[in-house]
Amino acid sequence: MGSVLSKTEHHLPIEPLLLDVADVLSTSLDLDTTLRRVAEVVRKVIDYEIFAILLLNEKTQELRFRFQVGYPPDFTERTRIRVGMGVTGQAAQSRQAVLVNDVTQDPRYVAGVPNVRSELAVPLITKNRVIGVIDIEAREPGYFTEEHSRLLTLIASRMAAGIENAQLYTRTTRQARILLLLNEIARELTSILNVDELLGRIAELLRRLIDYQMFSILMLDGSGEKLQHRFSLRFQENIHLKHEIPLGRGLVGYAAETRQAVLVPDVSKDPRYIELNPETKSELAVPLVYKDKVIGVLDLEHTRRGFFTEEHKRTVTTLAAQVAIALENARLYEEIARQERRLERDLSLARELQFRLLPPTRPKMQHLEVAAKFVPARTIGGDLYDFVPYSMSRLGIVIGDVSGKGAPAAIYAALVSGILRSHAPIEPAPAEMLSAVNQSLAERRIEAHFVSLIYAVWDDQQRTLTVANSGLPRPIYLHGGKSEVIEATGLPLGLFDEVDYDELHFRMKPGDMFVFFSDGILDARSRSGELFGRGRVEEIVRSCKSQSADCVVDSLFQAVAEHSAGVETFDDQTVVAIRVKESADAAKKK
């Protein structure tokens with residue numbers, strides 16, 4: 001093995017090297033790709049066969065292998081190097097390159113590859129923070145030179161920022177993906193009212209987040225002193241466990257008693273662990289808390305030590321809150337159903353009041369015609385629509401869908417309508433309105449309730465429409481005789497404290513239409529179970545391309561009614577359509 005630089009050579013052209021570094025920083029935000037490209041750049045300076053990039057865990061102050069060449073895989077997987085330990089740890093602690101000509105004479109050396117004689121470790125520093133170390137080893141003594149150290153330090157100083165950006169991008173992307181999946185799971189769980197079905201579905205959906213091997217849900221009994229196995233899976237096989245665990249005993253009992261998630265990388269080293277399955281090596285137990293009261297524990301196990309991470313703990317803790325709500329909702333469903341029957345007479349009055357909360361007349365605009373219709377699945381429902389007058393010939397357009405159905409959803413919809421109206425006087429832009437409503441709902445969060453909302457602002461003078469969406473089905477834009485699905489998406493309101501929303505802007509022409517609708521239109525089922533679906537919606541919208549906004553609304557509701565004839569309506573149905581008016585001359589030519 002020979003180096004690019006010999007001991008008599010002192011300089012390598014810097015400009016090509018820096019261009020290579022800049023190319024790495026500008027071409028990828030994927031962490032694995034960035035680290036591989038760093039290794040390629042370093043190889044142009046030093047012809048190595050043993051190479052590693054270790055990244056720092058700031059919480060534990062440990063360096064962990066993130067990229068390596070020439071190391072045994074089992075060594076890099078299990079090895080953690082504390083800051084100050086070994087040559088790499090010393091480089092991280094001193095914040096300076098460490099060059100060792102003969103590691104056999106250096107007590108700091110941590111052996112990972114046989115017959116290594118020399119080592120060069122250079123810290124990765126960005127924004128005055130050490131984020132990791134580049135480490136190179138060789139089987140020849142005195143292999144590395146001061147020139148190697150100088151050039152590797154130069155590379156590291158430029159690369160550190162790129163590596164940190166890639167780390168941040170990876171974390172942000174992963175967190176966004178997890179949040180979207182948690183939202184999808186939460187929405188599905190709230191719709192399942194059978195306890196056994198719900199428990200099985202929780203196990204299925206959780207596997208999309210964590211590849212566990214053993215899973216249990218234990219529920220606190222009526223006395224509040226014992227946890228009983230309510231549902232258990234072992235390697236994807238449903239099993240029935242009869243034993244009970246006293247509150248405070250074992251990892252699950254401790255989690256329930258302290259109301260804190262318990263993460264144990266190695267159960268053999270935790271005195272709280274009760275051995276029920278000899279194959280278990282690591283465990284994660286998270287309490288299920290509903291209205292400040294522990295109702296059970298969600299427990300995950302794996303045959304590999306250290307399998308569960310702090311990120312797993314945060315993810316399952318977030319999901320556990322929704323699981324607890326879903327379980328309580330399912331358990332209380334029959335009682336709620338009885339209450340709803342007793343309140344049937346009151347609901348009739350509530351229906352009348354709800355319809356009186358809807359706009360009594362359509363807004364009158366010089367260049368825009370508006371049509372809207374709402375049909376609740378039950379006596380009252382959780383959909384809503386509204387029109388909010390702005391100054392300067394502008395109009396706020398609202399359509400929303402509250403989670404759940406019946407009286408609770410209707411009351412929540414009324415709350416949302418009130419919040420919308422309270423913010424309307426300042427005439428916020430669509431994204432600002434969604435953020436304001438989300439913040440108001442977060443301040444008065446109600447379990448198992450959230451709302452998907454589209455807010456749009458029409459400027460009648462400019463004939464422009466600005467749209468923001470928080471989880472409602474993507475609207476349809478009809479222009480030039482063709483329909484287009486607008487990719488406006490976002491998280492529902494009332495689930496997370498701080499969420500940002502995107503706005504889309506459209507300049508519309510005479511005859512153009514926008515159609516907004518709730519889930520109930522798409523999800524209407526026929527006798528055979530076939531969904532009405534987006535394709536039928538788009539077809540109907542196109543069929544009304546030369547007609548009025550009323551044509552779209554009336555045709556959609558008629559088609560949905562025909563499609564689901566003889567089937568009980570499952571979800572509230574709402575449609576709002578707007579169409580830019582054509583000039584009188586153009587209308588006459590038609």
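The values are calculated or read from the model by the stated rules, or taken from the named source; none is laboratory data. These numbers were taken from a predicted model, which means no experiment stands behind them. As a convention, Cβ positions derive from the backbone with ideal geometry for all residues, glycine included, and neighbour counts pool all protein chains shown.
Only strands (runs of 3 or more DSSP E) whose full extent lies in segment 163-272 are considered here, and the ones with at least 2 residues that are modelled with pLDDT under 80, not assigned by TED's automatic domain parsing to the domain that holds Ile53 and not acidic (Asp, Glu) are 237-239.
When residues in segment 452-470 are screened for being assigned to a loop (DSSP other than H, G, I, E, B) and surrounded by fewer than 22 Cβ atoms within 10 Å (Cβ to Cβ), 4 of them pass.
The residue that is nearest to Leu319 (Cα to Cα), counting only those in segment 225-243 that are surrounded by 15 or more Cβ atoms within 10 Å (Cβ to Cβ) and charged (D, E, K, R), is Arg230.
Within segment 77-97, at least one residue is of a type outside the set (Gly, Ala, Ser), modelled with pLDDT under 85 and more than 17 Å from Ile134 (Cβ to Cβ).
Tallying residues that are touching a residue at least 40 places away in the same chain (Cβ under 8 Å), crowded, with 19+ Cβ neighbours inside 10 Å and of a type outside the set (A, V, I, L, M) within segment 254-279 yields 0.
Could you tell me which of the residues Ala431, Ala456 is out of contact with any Lys or Arg (no Cβ under 8 Å at 6 or more places or on another chain), in contact (Cβ under 8 Å) with a residue 40 or more places away in the chain and within 15 Å of Arg394 (Cα to Cα)?
Ala456
Quick one: in segment 491-507, which of the residues that are touching a Leu at 6+ places or on another chain (Cβ under 6 Å) and over 19 Å from Ala409 (Cβ atoms) is surrounded by the most Cβ atoms within 10 Å (Cβ to Cβ)? Among residues in segment 491-507 that are touching a Leu at 6+ places or on another chain (Cβ under 6 Å) and over 19 Å from Ala409 (Cβ atoms), the one surrounded by the most Cβ atoms within 10 Å (Cβ to Cβ) is Tyr501.
The single condition among (1) at pLDDT 90 or above; (2) small (Gly, Ala, Ser); (3) not in a loop (DSSP other than H, G, I, E, B) that Ala442 does not satisfy is (1).
The criterion of at least 2 residues that are touching a residue at least 12 places away in the same chain (Cβ under 8 Å) and farther than 24 Å from Gly306 by Cβ is met, among strands (runs of 3 or more DSSP E) falling completely within segment 51-149, by 98-100, 118-126, 129-138. Within segment 68-81, the presence of at least one residue that is under 32 Å from the mean Cα position of the chain (by Cα), assigned by TED's automatic domain parsing to the domain that holds Pro114, loosely packed, with under 15 Cβ neighbours inside 10 Å and closer than 22 Å to Arg174 by Cα is confirmed. Checked against (1) of a type outside the set (A, V, I, L, M); (2) under 20 Å from Ile81 (Cβ atoms); (3) within 41 Å of the chain's Cα centre (by Cα); (4) surrounded by 15 or more Cβ atoms within 10 Å (Cβ to Cβ), Thr170 passes all but a single condition, namely (2). If you check Asp211 against the conditions, is it over 26 Å from Arg37 (Cα atoms), under 31 Å from the mean Cα position of the chain (by Cα), surrounded by fewer than 16 Cβ atoms within 10 Å (Cβ to Cβ) and without any contact (Cβ under 8 Å) to a residue 24 or more places away in the chain? In short, yes.
For segment 564-580, name all the residues that are surrounded by fewer than 18 Cβ atoms within 10 Å (Cβ to Cβ) and over 19 Å from Thr379 (Cβ atoms). If the condition is that a residue be surrounded by fewer than 18 Cβ atoms within 10 Å (Cβ to Cβ) and over 19 Å from Thr379 (Cβ atoms), then Ala565, Gly566 are the ones that fit.
Please work out if Asn329 is surrounded by 15 or more Cβ atoms within 10 Å (Cβ to Cβ), at pLDDT below 85 and of a type in the set (S, T, N, Q). When the stated conditions are applied, Asn329 passes them.
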